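Okay, so here's the structure we're looking at.
The values are calculated or read from the model by the stated rules, or taken from the named source; none is laboratory data. This structure is a prediction, so every number in the text was calculated from the model and none was measured. With ideal geometry, Cβ positions are generated from the backbone for all residues, glycine too; neighbour counts draw on all protein chains shown. Side chains included, ligands, DNA and RNA excluded: accessible areas come from the protein's heavy atoms. Shrake-Rupley method; radii C 1.70, N 1.55, O 1.52, S 1.80 Å.
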Amino acid sequence: MSGAGDLPPQDVHQRIVERVSDAIVSINQEYRCTYLNKKAEKLLERSEAELRGQTIWKAFPKTVDTIAEDKIKKSLTEQTQTSYERYNTELDRWFEVRIYPSNDGASILFTDISDRKQREIELTRYKQIVENLPVAVGQNELEADGEFMFVNNGMVEMFDAESKADAKSYSVQDLYADPSDREALLKDVHNSGSVQDTELKLETVNGDTFWGSTTASIETIGNEKYLLGII
């Protein structure tokens, strides 16, 4: 039942679009801008009135001869939804760009993913650091014979494995010259949460033995607990 305060459908739709957190730019089949929401105006620092009627190539000349031009043209020609990621040098921000074609043109949504990209960059940096540490690093299940979930290059070299896959195929307990040492270490970790610089006799995959200083702690990753060890 309609009330006096009800808005016409087009006004309702407009309000919904304006509240979307993404910047939205709509174009027609001739690639001319037909609409920008407030978020897009703020992001681009240009008004809808200023850009309406301009081709997207004129409005945004830096998109010419780029993946953006290819994706937009292909989306409209084939009438298929598509997306890509783009770094804007002027704004120093990363965006996920999604294109939704229709018979009238297309709506292009810009989602700021800079925080996510920064986390990915940091994770890559940490991974590179861990991979190049002159120590063996392993993440494994808590059980005495738990399997490795992760090993670094240092683990491969220290235990004479042929590859990471080869190193991960061995039970953690197999790397201790005396399996009871592994059980004792695990008991200490469970009791205190971590152990520091514990000297143990270890064994390579070829059966050679050596002494190593082991630091280990129980870490929660996601919803699971793992043993993180450094030798």
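Annotations
- Pick from the stretch 181-211, criterion among the hydrophobic types (A, V, I, L, M, F, W, C) and crowded, with 16+ Cβ neighbours inside 10 Å, ranking: farthest from G229 (Cα to Cα): V205
- Residue match in the stretch 169-180 (condition: free of Cβ contacts under 8 Å to residues at least 40 places away in the same chain, of a type in the set (D, E) and open to solvent by 40 Å² or more (accessible area, probe 1.4 Å)): yes
- Residue within the stretch 142-153 that is under 26 Å from the mean Cα position of the chain (by Cα), at pLDDT 90 or above and not in a strand (DSSP E or B) present: yes
- For K225: the one exception among (1) more than 20 Å from G154 (Cβ to Cβ); (2) open to solvent by less than 70 Å² (accessible area, probe 1.4 Å); (3) under 35 Å from the mean Cα position of the chain (by Cα): (2)
- Cβ pairs under 7 Å, 6+ apart, first in the stretch 200-223 and part of a strand (DSSP E or B), second charged (D, E, K, R) and exposed (fewer than 15 other Cβ atoms within 10 Å of the Cβ): K201/D178; T209/K201; W211/E199; W211/K201; S213/D197; S213/E199; T215/D197; I218/K225
- Candidate set: the stretch 33-76, residues that are of a type in the set (K, R) and under 18 Å from A23 (Cβ atoms); chosen: the one nearest to the chain's Cα centre (by Cα): K71
- Residue match in the stretch 72-93 (condition: assigned to a helix (DSSP H, G or I), in contact (Cβ under 8 Å) with a residue 24 or more places away in the chain, of a type in the set (V, I, T) and open to solvent by less than 40 Å² (accessible area, probe 1.4 Å)): yes
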